[in-house]
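Heads up: the structure comes next, in structure tokens.
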Amino acid sequence: MEYLQIVFSFEALLTIAIGTIAGVAIGGMPGLTATMAVGLLVPFTYTMDPTMGLMLLGGIYCGAMYGGSIPAILLNTPGTPAAVATAIEGYPMSKQGRRALALKVSVTASFVGGMFSVFVLLMFAPFLAQQALKFGPAETFLLALMGLAGIISIADENSSLIKALIAGLIGMIIAVIGTDDMSGSLRYTMGMIELIDGIDFMPALIGLFSMIQMLELSGMRSHKIDTSMLEKSSKKEPMPKGISKHIALGSATGTVIGILPGEGATIAAFISYNFSKRISKTKELFGKGNPEGIAAAEAGNNGCVGGSLVPTLTLGIPGNSVAAALMGAFIIHGMIPGPELFNEYADRTYPFIISMFVANGVFLIVGLSFAPFLARIALIPPAIMVPVVSAFAILGSYALNNAVFDVYMMIAFAVGGLLLKKLGFSLEALILGLILGPIAEGGFTQGMIIGHGSPWIFVESSIAKGMWVIIFVLLIPPLLSYLKLIRGNAKQS
Amino acid sequence: MAKKNVDRAVLALLIVMAVLLYFSTANYTGIALKTSAKYVQFLAVSIGVLSVVQLASSLLREQSNVKLILTENMVRFGGLLLGLIIFASVFETLGFFIPAAVFIPVIAVLLGFRSYVAIGLTTAGVLTFVYLVFVQLLSVNLPGLEF
């Protein structure tokens with residue numbers, strides 16, 4: 001009761017609201033991530049009351065995770081990497097004039113995923129943190145494989161499965177560029193010092209999703225705006241039936257993956273998306289604008305918020321990079337993460353956790369209120385939208401590392417990606433490979449060291465065996481349907 | 001150029017890349033030989049085999065001579081691309097604001113937008129927004145001239 005009073009004071013509510021709205025805005029801008037925002041604002045909270053400071057940062061974390069879905073749906077430009085899966089379904093819905101529904105599904109799923117994960121954090125944090133420690137490099141590798149299995153799902157509705165796999169591998173090969181973690185030597189950098197840390201996925205993301213869109217728009221013969229789409233979007237569409245099971249699935253998946261140290265919201269969103277496709281009754285609509293995919297992906301990445309704080313607060317092991325920045329804030333305020341947080345500093349820790357329920361409520365209200373206005377983005381003439389979005393794409397690519405090289409990378413990814421897209425290669429698969437490649441390599445190489453060079457390490461533990469079963473369950477149905485398609489084509493010809 | 005020919009050229013390039021990638025692992029040293037090198041070899045073999053299969057299937061199948069069209073309007077497409085490259089090349093010396101103040105109106109006009117008041121207001125709005133949010137609020141260090 002005492003903690004609730006702290007959270008529901010005027011000052012605390014205002015702090016949470018400001019943090020959450022700022023988070024939504026930051027997450028909505030490609031190039032600005034939740035990690036960057038929390039990292040930048042940690043020093044500012046130093047002079048604030050510790051509880052208020054933590055609430056502000058918690059609000060930013062929750063808001064930014066949702067905010068990434070807004071440009072993903074409206075402009076095919078994921079604000080954060082975790083919103084890539086959302087763009088796959090959200091943008092086609094936008095093009096069909098269903099952007100208001102897509103935004104509504106996204107904010108609702110984000111809300112449920114966020115609330116569920118914070119509830120789990122509040123109730124079971126210490127117990128779950130102990131379980132997460134059983135997760136080693138071999139299991140991390142398998143988790144990345146589970147995410148990469150999504151490549152098969154992306155492709156199984158058309159005939160270019162091989163091209164989707166090739167695109168995924170191109171992404172994984174690009175991710176290899178940079179310093180080899182094992183030997184410390186440089187790989188494939190061609191003597192360029194800008195490539196020492198490898199190719200950042202943010203310029204790639206902006207180039208492959210946002211800039212390609214702008215290049216295509218600029219090269220279109222006609223730039224007429226189809227206002228009928230807006231009329232359609234202004235008609236209130238109810239939430240699709242059966243969407244709740246996809247939200248529930250995404251929430252649980254995101255929370256579990258968030259709890260695992262080092263795993264992020266991107267992998268959670270993709271795995272949730274993949275699971276959702278497997279259980280969906282409308283599989284054929286995936287990739288063409290299925291709200292179920294948005295629901296699972298958004299519930300998945302927001303489920304990571306509470307999940308990632310489980311090992312952070314109880315063991316001092318950050319669940320992901322944002323949680324690491326938040327951990328810095330706890331330490332700045334003299335609170336060392338560990339069991340002490342829940343005993344000695346309970347009067348700060350519990351209000352912080354409870355404040356995240358409020359933050360989820362704030363972005364739900366903001367999202368539902370602004371969705372109809374955001375949907376009107378369709379009225380902006382492409383001739384003015386293209387230069388504005390391009391300018392932001394340049395700024396977003398630059399802002400992450402303050403490097404002009406990243407801007408050139410973004411342009412290169414846009415041009416190369418456009419060529420690959422026209423040839424039928426899946427850009428979603430490429431970006432999936434680029435993001436999950438380093439996680440897969442890290443898990444594989446560390447696993448090989450622990451296993452003294454034997455690959456049996458990847459099937460030894462009971463968790464690993466269970467994960468292999470899930471991977472096969474994810475892979476077999478799309479592979480079978482692909483084989484059926486080939487046989488069908490062969491019979492026809 | 002025919003789409004099938006570009007497709008085959010890309011696949012052939014990928015096969016060459018796979019071979020080079022595989023043999024590059026001979027330069028790995030120490031522990032990397034048993035770890036990172038194996039991973040890279042796996043990637044090289046996978047992409048090589050898949051590219052060969054795709055290329056073979058493309059060569060064996062009858063395919064139409066559809067042309068590869070990257071864009072319907074080369075002037076606008078090329079103009080935007082050129083604008084982006086110029087923007088990036090002067091970014092470090094002139095910063096964001098001056099190039100953006102030129103880039104946005106020029107590209108808008110190039111794409112056929114003729115409402116000059118709307119262009120001016122949009123450009124001013126974007127620059128003000130970037131200044132307030134990126135420079136003032138988030139302290140992002142933009143290069144070039146300072147305001």
Checking the condition at the interface with another protein chain (Cβ under 9 Å from one of its Cβ atoms) and part of a helix (DSSP H, G or I), which residue from A:TYR398, A:TYR482 passes?
A:TYR398
Conditions (1) within 9 Å of chain A (Cβ to nearest Cβ); (2) at pLDDT 90 or above: number failed by B:VAL49
(1)
Just checking: which of the helices (runs of 4 or more DSSP H) contained wholly in region B:1-115 hold 1 or more residues that are outside the structural domain of B:VAL126 (by TED's automatic domain parsing) and closer than 23 Å to A:PRO438 by Cβ?
B:3-24, B:36-60
Among (1) within 23 Å of A:TYR408 (Cβ to Cβ); (2) in contact (Cβ under 8 Å) with a residue 12 or more places away in the chain; (3) surrounded by fewer than 16 Cβ atoms within 10 Å (Cβ to Cβ), where does B:PHE103 come up short?
(3)
Can you pull out every residue in region B:71-88 that is in contact with a helix residue (DSSP H, G or I) (Cβ under 6 Å, 6 or more places away or on another chain) and either at positive phi or at the interface with chain A (Cβ under 7 Å from one of its Cβ atoms) (or both)?
B:THR71, B:ARG76, B:PHE77, B:LEU80, B:LEU84, B:PHE87, B:ALA88
The lone condition A:VAL473 fails out of (1) surrounded by fewer than 21 Cβ atoms within 10 Å (Cβ to Cβ); (2) over 27 Å from the mean Cα position of the chain (by Cα) is (2)
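Residues checked against (1) more than 30 Å from B:LEU55 (Cα to Cα); (2) touching a residue at least 12 places away in the same chain (Cβ under 8 Å); (3) within 10 Å of chain B (Cβ to nearest Cβ); (4) under 21 Å from the mean Cα position of the chain (by Cα):
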{"residue": "A:ILE354", "(1), (2), (3), (4)": "yes, yes, no, no"}
{"residue": "A:VAL366", "(1), (2), (3), (4)": "yes, yes, no, yes"}
{"residue": "A:ALA383", "(1), (2), (3), (4)": "yes, yes, yes, no"}
{"residue": "A:PHE413", "(1), (2), (3), (4)": "no, yes, no, yes"}
A:MET172 over 23 Å from A:ILE271 (Cβ atoms), at pLDDT 80 or above and crowded, with 19+ Cβ neighbours inside 10 Å:
no
Given region A:184-256, what helices (runs of 4 or more DSSP H) lie entirely inside it while holding 3 or more residues that are at pLDDT 85 or above?
A:212-218
Which residue out of A:VAL469, A:VAL459, A:VAL473 is in a helix (DSSP H, G or I) and touching a residue at least 12 places away in the same chain (Cβ under 8 Å)?
A:VAL473
Can you give me the ranges of the helices (runs of 4 or more DSSP H) entirely in region A:309-381 with at least 1 residues that are modelled with pLDDT of 80 or more and within 18 Å of A:ILE26 (Cα to Cα)?
A:321-332, A:346-375
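The values are calculated or read from the model by the stated rules, or taken from the named source; none is laboratory data. Given the structure is predicted, the values throughout are model-derived calculations rather than measurements. Every residue, glycine as well, gets a Cβ built from its backbone with ideal geometry; the counts of neighbours run over all protein chains shown.
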